[in-house]
1. Can you give me the distance in nm between label points at residue 3 and residue 84, each placed 7 Å from the Cα along the Cα-to-Cβ direction?
2. If you filter region 60-131 for chymotrypsin sites (Phe, Trp or Tyr not before Pro), then keep DSSP loop positions with at most 16 other Cβ within 10 Å, what is left?
3. Take the eigenvalues of the Cα gyration tensor for region 4-104, scale each by 5, and report the square roots as semi-axes in whole Å, largest first.
4. Any idea how far apart residue 18 and residue 113 come out in nm if each label point goes 7 Å out from Cα toward Cβ?
5. In whole percent, and with a 1.4 Å probe on the protein chains, what portion of the accessible area of the chain is carbon and sulfur?
6. What do you get for GluC sites (Glu not before Pro) in region 40-110 restricted to DSSP loop and a cutoff of at most 14 other Cβ within 10 Å of the site's Cβ?
7. Would you mind pulling out the separation of the Cα centroids of region 1-24 and region 102-131, in Å?
8. Which FRET efficiency, nearest 0.05, do residue 34 and residue 77 yield, Cβ-Cβ r, R0 22 Å?
Amino acid sequence: MHHAILAGQSARFLTASDFILDLTSQETSRALQRRLRTYARPSLLAVDEIGYLTYVAQAADLLFQVVSRRYESKSIVLTTNLPFKQWDTVFPNASCAVAFIDRLTHHAEIISIEGESYRKREAERSQKSKR
């Protein structure tokens, strides 16, 4: 994201919960359409923490709409703690999850990071130093 901005690209970063809260709080369909266009506009959109919460059908549909609007035209980065095969636990509609994953993975570079949480490691170091 940092390199995209340095290269003059527009970028937006937010957590999935903030993203969903923003979209679901729009009071009219016109306001919602404006917000959807806002998320479709940046060259790079990064949504953090997909999969930490379960989404109601409306939230999943809104997330899908943004991904669909950006599909094959703008970059999107999603972070998640779940493999795709477990996304049915997050998205209430299985066909929505399949279509969502289909659009995300087409032309995608998937980076899987495995290992210990740095937060956990830092907390353990902190505990040891207090002793």
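1. Taking the simple label geometry, residue 3 and residue 84 are separated by 2.3 nm.
2. Qualifying residues, ordered by number: 71.
3. Over the Cα atoms of region 4-104, the ellipsoid semi-axes are 21, 17, 12 Å.
4. 1.7
5. On the way: 4520 of 8910 Å².
Roughly 51 percent of what the probe reaches on the chain is carbon or sulfur.
6. 72, 109
7. Centre-to-centre distance over Cα atoms comes out at 20 Å.
8. The computed FRET efficiency comes out at 0.40.
The values are calculated or read from the model by the stated rules, or taken from the named source; none is laboratory data. Keep in mind that what you see is a predicted model, and the values were worked out from it rather than measured. Heads up, the Cβs are rebuilt from the backbone with ideal geometry, glycines too, and the neighbour counts pull from every protein chain shown. Accessible surface areas use protein heavy atoms only, side chains included; no ligands, DNA or RNA. Shrake-Rupley method; radii C 1.70, N 1.55, O 1.52, S 1.80 Å.
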